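The values are calculated or read from the model by the stated rules, or taken from the named source; none is laboratory data. Since this is a predicted model, take the numbers as computed values, not measurements. So basically every Cβ, Gly included, is an ideal-geometry build from the backbone, and we count neighbours across all protein chains shown. Protein only, heavy atoms only, side chains kept; ligands, DNA and RNA dropped before computing areas. Shrake-Rupley method; radii C 1.70, N 1.55, O 1.52, S 1.80 Å.
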Amino acid sequence: MDILAEVNGSIATVGYGLAAIGPGIGLGIVIGKTIEGTARQPELANALRGNMFLGIALIEALALIGIATPFFL
């Protein structure tokens, strides 16, 4: 129990890293699947691109919320 009492610092630094890893993986999946869909059906490229940008906006919003939350708590 004494070892745990000696740990100093903020757990928020770990949270920052986790808040960046999740959206990074999500962006990779979304963009990769959009490229795959465009390669399979080029006539749907505009519709897929629009949906991709909407998904990217939502993923980035969650990332910003995850990074900003520790500053308010």
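Kindly provide the set of residues from segment 37-73 that are in contact with a helix residue (DSSP H, G or I) (Cβ under 7 Å, 6 or more places away or on another chain) and of a type in the set (S, T, Y), ordered by number.
T38
Looking at segment 2-11, is at least one residue modelled with pLDDT under 95, open to solvent by less than 90 Å² (accessible area, probe 1.4 Å) and not polar (S, T, N, Q)?
Start the filter on segment 2-11 by keeping residues that are modelled with pLDDT under 95, which leaves 2-11.
After this cut, where a residue has to be open to solvent by less than 90 Å² (accessible area, probe 1.4 Å) as well, the list is 5, 9-10.
Those left that are additionally not polar (S, T, N, Q): 5, 9.
Among the residues of segment 2-11, at least one is modelled with pLDDT under 95, open to solvent by less than 90 Å² (accessible area, probe 1.4 Å) and not polar (S, T, N, Q), which makes the answer yes.
Restricting the search to segment 14-73, which residues are in contact (Cβ under 8 Å) with a residue 24 or more places away in the chain and either on the phi > 0 side of the Ramachandran plot or of a type in the set (D, E) (or both)?
Correct list: E60 only.
Quick one: in segment 31-55, which of the residues that are hydrophobic (A, V, I, L, M, F, W, C) and open to solvent by 40 Å² or more (accessible area, probe 1.4 Å) is farthest from V14 (Cα to Cα)?
The residue in question is L44.
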